Amino acid sequence: MSGDSSAGETTRTPTTFHWGRYDVVSSGDRVVAVEPHPGDPDPSPVGAGVPEVNHAPYRITRPMVREGWLLGDRDSVRGRDRFVTVTWDRAFDLAAGELTRVRGEHGPAAIYGGSYGWGSAGRFHHPQSQIHRFLAMAGGYTASVNTYSFAAMEVVLPHVIGGGPTSLHERGPTWREITEHAGLVVSFGGLAAKNTQMVPGGPSRHTQTSWQRAAAGAGVRFVNVSPVRDDAAAELGARWLPLRPGTDTALMLALTHVLLAEGLADTDFATRCCVGFDRFRDYVLGRSDGTAKDPAWASGITGVPEDGIRELARTIAAHRTVINLAWSIQRHDHGEQPYWAGIALAALSGSCGLPGGGPAGGLGIAEHGTRGHRRIAALPQPAGGAVARIPVARIADMLLEPGGTVDYDGERITFPDTRLVYWAGGNPFHHHQDLGRLERAWQRPDTVIVHESWWNATARRADIVFPVATTLERDDFALGAADSTITAMHRAVPPPADVRTDHAVFAALAARLGFGDRFTEGRSERQWVRELYDRTRERLRAEGVDLPGFDAFWRAGSAALPEKDMTPDGGSFATLRTDPAGAPLATPSGRIELVSDTVAAFGYPDCPGMPVWLEPYERLGTEAAERHGLHLVSNQPKTRLHSQYDGGRISRDSKVGGREPVDLHPDDARARGIADGDTVRIHNDRGACLAGARLTDAVRPGVAVLATGAWYDPDDDGVCRHGNPNVLTRDTGTSRLAQGPTSGTTLVEIEPTGADVPAVRAFEPPEVVEATPPPGEVDRPV
Ligand SMILES: Nc1nc2c(c(=O)[nH]1)N[C@H]1C(S)=C(S)[C@@H](COP(=O)(O)OP(=O)(O)OC[C@H]3O[C@@H](n4cnc5c(=O)[nH]c(N)nc54)[C@H](O)[C@@H]3O)O[C@H]1N2
Ligand SMILES: Nc1nc2c(c(=O)[nH]1)N[C@H]1C(S)=C(S)[C@@H](COP(=O)(O)OP(=O)(O)OC[C@H]3O[C@@H](n4cnc5c(=O)[nH]c(N)nc54)[C@H](O)[C@@H]3O)O[C@H]1N2
Ligand SMILES: [Mo]
């Protein structure tokens, strides 16, 4: 509970991050500790690293402007420049001036405000909501659609099973159903315990791993189809099927082949509840193209032995089976295919539409398979703010090719001429692919404005940097999308003297641009928090949930909601199974589309009208692997949320020699003269980084695992000294359908570096020069 604290005494205040609910222990202006809430049975360790990062030397504590930009030096380079301190007034004038100039000279589409990223959990201070409201009211902007998480899935699934982008999550079986009815969970991409830590908006309690345990305890068997053994917790006793990354579609087609060839396929469901079964079957059996997608064929592609494939198919047919599809399998070239093929496999498995069976998306991630989603009130957005839009992962294409076009889900999108980029709550110099290419693209706009709390790679590449308050320095409330506790987020400490909230920055800019009152609606931040809580309360009342009034909630620090279990009927595929005509899906046919005439009509060779195996641009077992013999898996980090809190204790403790660890099989390491703990150089034709080798037989030979999120730290040649995998990944869309990111499709080679290696400088702030402007005069470096 918050209250006064005098020096020496500590205060406890409740807060929530995307990784859970915590108590913040503070003393005066300092955060001393961040402790998991006692009600969380399986808290994330990431919280422990928060206090030092909140007060880190690389915290941005004053508004800053890039020197070369301020001086109008067109040859100066973003990312290599010094910064000049400016007053808030000056920073607001510069930003408002540029927004006005760019809109006036080039139109609103020249302002890119996609601003993708995982800003903080609070509902009011949610930076995406703040920036989009601001830019919409300022006259419009170019937005982004879809996600880095699961773009391929969210674009292809509406064609296949209908509904919204995450329809599979809502339709998949719950853990309760799995525990009670399932015999087998086959998980493509595993169900890594590490990934269950994070839920957008915050999990008040982490329940995934205990559900997994309960299912295993009830006799459910698990198969972990993944290059990494630890993608299933040891206690699940999962069978590990290590395949070559990016080959899931071939494996799924072969499993389907066995079901068809051995008379095990549920042809009744396939003909009654799906469309296109005949054509899909003919493709799988090789009748239409002369290649049977049988286990021998798939074994050559996936590296999984023929017998293993045959046996797994028979086990699937013999049990109530969940076909779980992790999001990682679609962050690949042709990433639409494994989701489509996975649903086809589930449709033929005999379990689709029965309790505890059928396809699931992202079970094991983000508390899926537990409860239904809540309708939480958000900051209102004016209509029509986005005057143009791009698929989110096509940002570098947009910056490099103004006027160029991109195919996307049946449309052709023309890239605007981007003059101003405005980011709040994301780190593109962590999340985007081929960062060397993004570096070049990022030099193109006239102006880049960034809100950040820390001198990360994106803040260093901005022209105007607004230093913003962290979650611990603001009042807010949180309710994870599928959660059962609404939590208060009390301001634990004040922000540093010259730091403001995102909202305060936008409110001040709005005032300068003449729509201050419209933006704030006359409410203070605290009044907005209350307002959004009241609106949430109102919405939940319509669902029969009675929340306390704001004051009582704020005092108590949290309020419980009744658990919202999804109907235990096998999800909406159950009604499809019993009555396909009476309970149609929202697809053109009303059924599962094994063949989609809509997608076929787009005429995309890289995403035809049914699930097929298409060669990715690179993979193990092909000629490309002769030069770069290891497949790089850049998965989600166990010790942080992407790049967030990389400098915190938990992430730092995981580094090897101060660099991001790369997991290698001992055989691959031996062949390259690499020992455990060595600094290594990972490289391909796109770039290179350094990392610290960790040898383990928990990765498949031929695979190297370097988690995403190490703060990008390029030297003068663009070699990342710290180990950010996105210097190595390729910036190509999944296909013309979704244009999603393909970070998973990456071959590399690795070698030892020897002793002479540069130090990591990711956490050293850039050079800052103090400007001492006489009042009213232009800032100049001294
Ligand atoms: N190679 C590879 N690349 C990947 C992935 C992968 O698996 N492999 N995964 C992809 C995926 S799934 C995702 S979702 C993306 C994630 O990409 P991002 O969401 O961009 O990554 P984060 O590190 O979470 O960045 C969030 C940023 O917001 C800042 N921030 C936090 N709270 C606030 C706030 O209240 N206000 C402001 N102004 N800033 C705030 C943090 O300091 C941080 O810099 O990465 C993608 N990139
Ligand atoms: N601790 C932690 N948890 C997180 C996040 C985080 O940053 N930190 N990020 C969250 C976010 S934004 C998202 S989108 C989700 C992402 O959820 P996912 O996309 O499922 O997560 P990943 O860790 O990228 O991948 C899961 C596993 O898939 C395996 N894998 C990789 N490529 C392949 C492949 O081609 N085939 C198969 N079969 N397996 C493969 C990898 O070994 C990896 O460990 O995670 C969320 N959870
Ligand atoms: Mo994500």
Q. Is it fair to say residue 323 is in a helix (DSSP H, G or I) and of a type in the set (A, V, I, L, M)?
A. no
Q) Of the residues that sit in segment 119-144 and are within 16 Å of ligand 2 (Cβ to nearest atom) and at pLDDT 95 or above, which one is farthest from residue 99 (Cα to Cα)? A) 126
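For segment 103-130, enumerate the residues that are more than 23 Å from residue 378 (Cβ to Cβ) and surrounded by 20 or more Cβ atoms within 10 Å (Cβ to Cβ).
Across segment 103-130, the qualifying residues are 103, 109, 110.
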Q) When you look at residue 579, is it surrounded by fewer than 20 Cβ atoms within 10 Å (Cβ to Cβ) and either within 16 Å of ligand 2 (Cβ to nearest atom) or assigned by TED's automatic domain parsing to the domain that holds residue 358 (or both), yes or no? A) yes
Q | Test: residue 243 is away from ligand 3 (no atom under 16 Å from the Cβ), of a type in the set (A, V, I, L, M, F, W, C), within 23 Å of residue 620 (Cβ to Cβ) and not in a helix (DSSP H, G or I) | A | yes
Q: Just one of (1) under 30 Å from residue 389 (Cβ atoms); (2) of a type in the set (Val, Ile, Thr); (3) surrounded by 15 or more Cβ atoms within 10 Å (Cβ to Cβ) trips up residue 77, so point out which.
A: (3)
Q | Qualifying residue in segment 610-617 (condition: away from ligand 2 (no atom under 16 Å from the Cβ) and modelled with pLDDT of 95 or more) | A | yes
Q.
Cβ contacts < 9 Å: first residue under 14 Å from residue 215 (Cβ atoms) and not assigned by TED's automatic domain parsing to the domain that holds residue 20, restricted to segment 184-201; second residue within 12 Å of ligand 1 (Cβ to nearest atom) and not in a helix (DSSP H, G or I), any location; separation 6+ or different chain. Result?
A. 187/326; 191/326; 191/365; 196/365; 196/366
Q: Would you point out the residue of segment 609-662, among those that are within 16 Å of ligand 3 (Cβ to nearest atom) and not in a loop (DSSP other than H, G, I, E, B), that is surrounded by the fewest Cβ atoms within 10 Å (Cβ to Cβ)?
A: 641
Q) With respect to residue 79, is the statement that it is in a loop (DSSP other than H, G, I, E, B), modelled with pLDDT of 95 or more and touching an Asp or Glu at 6+ places or on another chain (Cβ under 7 Å) true? A) yes
Q: With a cut-off of at least 3 residues that are surrounded by fewer than 18 Cβ atoms within 10 Å (Cβ to Cβ) and within 16 Å of ligand 1 (Cβ to nearest atom), name the strands (runs of 3 or more DSSP E) lying wholly within segment 333-429.
A: none
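Within segment 261-280, which residues are surrounded by fewer than 20 Cβ atoms within 10 Å (Cβ to Cβ) and either assigned to a helix (DSSP H, G or I) or in contact (Cβ under 8 Å) with a residue 40 or more places away in the chain (or both)? Walk me through it before giving the result.
Initially, segment 261-280 is screened for residues surrounded by fewer than 20 Cβ atoms within 10 Å (Cβ to Cβ), giving 261-264, 267-268, 271-272, 278-279.
Scanning segment 261-280 gives 261, 262, 264, 267, 268, 271, 272, 278, 279.
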Q. Just checking, which of 244, 221, 239, 229 is surrounded by fewer than 20 Cβ atoms within 10 Å (Cβ to Cβ), more than 16 Å from ligand 1 (Cβ to nearest atom) and under 25 Å from the mean Cα position of the chain (by Cα)?
A. 229
Q. In segment 560-577, how many residues are farther than 23 Å from residue 281 by Cβ and at pLDDT 95 or above?
A. 0
Q. Taking interchain pairs and intrachain pairs at least six residues apart, which have beta carbon atoms under 6 angstrom, with the first residue in segment 142-159 and over 16 Å from residue 360 (Cα atoms) and the second more than 16 Å from ligand 2 (Cβ to nearest atom) and among the hydrophobic types (A, V, I, L, M, F, W, C)?
A. 142/109; 142/388; 143/386; 144/390; 155/737; 159/599
Q. If you check 286, 335, 290, 300, which single one turns out to be in contact (Cβ under 8 Å) with a residue 60 or more places away in the chain, among the small types (Gly, Ala, Ser) and away from ligand 2 (no atom under 14 Å from the Cβ)?
A. 300
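The values are calculated or read from the model by the stated rules, or taken from the named source; none is laboratory data. Keep in mind the model is a prediction, meaning the values are calculated, not measured. Virtual Cβ from ideal backbone geometry, glycine too; neighbours counted across all protein chains shown.
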